[in-house]
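Read through the structure below, which is laid out as structure tokens, and then see the notes.
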């Protein structure tokens, strides 16, 4: 549904959006959509598109020195943010590995403690268990 109308195969739409690729497939990210109601509107939409192409896209784009410097500063700023983010991520990963190693070591210590306790209890429970029998350990 667009503008309260059901879209059929023969419906003419006026669409504004940006092109993008997602998993290698070209797509349009829609910004605005409206139904073209008659041929007059369709002709006007084509005229608007043609005027935009001639007035904006057809002329060489030139940036002033100030605009160019501003864009270069923004690019450097974004690169710096990206480097800082990568550095923080690397620090986090190092810490994560250290925390994991500590957990593994603590679990190992705990398992050893439990095993020592089990052996001690085994000796205690087995003490005298074989008294009065003819069984002799080899």
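The values are calculated or read from the model by the stated rules, or taken from the named source; none is laboratory data. Computed from a predicted structure; not experimentally measured. Positions of Cβ are backbone-derived with ideal geometry, glycine not excepted, and every protein chain shown enters the neighbour counts.
Structure above, values below:
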| item | result |
| --- | --- |
| Scope the stretch 18-54; condition surrounded by 10 or more Cβ atoms within 10 Å (Cβ to Cβ), modelled with pLDDT under 90 and under 26 Å from the mean Cα position of the chain (by Cα); matching residues | 20, 28, 30 |
| Residue 57 under 36 Å from the mean Cα position of the chain (by Cα), surrounded by fewer than 10 Cβ atoms within 10 Å (Cβ to Cβ) and at pLDDT below 90 | yes |
| Residue 26 assigned to a loop (DSSP other than H, G, I, E, B) and without any contact (Cβ under 8 Å) to a residue 12 or more places away in the chain | no |
| Residue check for residue 12: touching a strand residue (DSSP E or B) at 6+ places or on another chain (Cβ under 7 Å) and in contact (Cβ under 8 Å) with a residue 12 or more places away in the chain | no |
| Breaking point among (1) surrounded by 10 or more Cβ atoms within 10 Å (Cβ to Cβ); (2) modelled with pLDDT under 90; (3) within 34 Å of the chain's Cα centre (by Cα), for residue 73 | (2) |
